[in-house]
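Single-structure report; data block below.
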Amino acid sequence: MDINCQESNGGLRPGAIMGGAFLLVLGGTMFLERSGLADVQMRHIIGPACLIILGTLMMFEHSGVVFGRRVRAADGTTRKRVRKQGGMAAGFWLVGIGCWMIVSQQHLFGLDYHTSWPLLIVLSGIIMLVRGLR
């Protein structure tokens, strides 16, 4: 019996590290809120946190969201067509939107949704500049 084992290179996975670090911060924030040491409304942070985690994983794992669908060929066979969408810029966009939502919902720096929306235009400009440089 021949068993093929894949050897791991022992390398670091930055997406997993960033995702884990963010979950540690999120869990610590929840703990501080529940213990009464900080006044954070967690229902306002869960949605943006999901965007930030997904964006971070997309940025550092160099993989986007993979979509697959079945395609029927001319000879009648079916195969799965896989398309990767997203990547570094899409991940940066999700992280930026998540951070903007947290800043607006927590009224950090005196900002809310009505006063901070121009930051989305700034974020769009930054992403366009980064795309133009590569």
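Note on Q41/L12: beta-carbon distance plugged into 1/(1 + (r/R0)^6) with R0 of 25 Å gives a FRET efficiency of 0.15. Under a model in which nothing but the beta-carbon of Lys, Arg (+1) and Asp, Glu (-1) is charged, region 14-133 shows a dipole of about 920 debye around its Cα centre.
Working from label points 7 Å from Cα in the Cα-to-Cβ sense, the T29 to Y113 distance is 1.8 nm. Neighbour counts of C-beta atoms inside 10 Å place R43, R131 in the sequence R43, R131, starting with the fewest. Packing-based ranking of 33-39, 45-51, 110-116 yields 45-51, 110-116, 33-39, ordered from highest to lowest mean Cβ neighbour count within 10 Å.
Projected onto the charge dipole of region 14-133 (+1 at Lys/Arg Cβ, -1 at Asp/Glu Cβ, origin at the Cα centre), which of A73, L94, M42 gives the Cα projection farthest towards the positive end? So the residue we want is A73.
Residue order for M58, M128, fewest other beta carbons within 10 angstrom first, comes to M128, M58.
Values quoted throughout were computed directly from the atomic coordinates according to the rules given, and no laboratory measurement underlies them. If you're wondering where the values come from, they're calculated on a predicted model, not measured in any experiment. Neighbour counts are summed over all protein chains in view; Cβ atoms, including those assigned to glycine, are modelled from backbone coordinates with ideal geometry.
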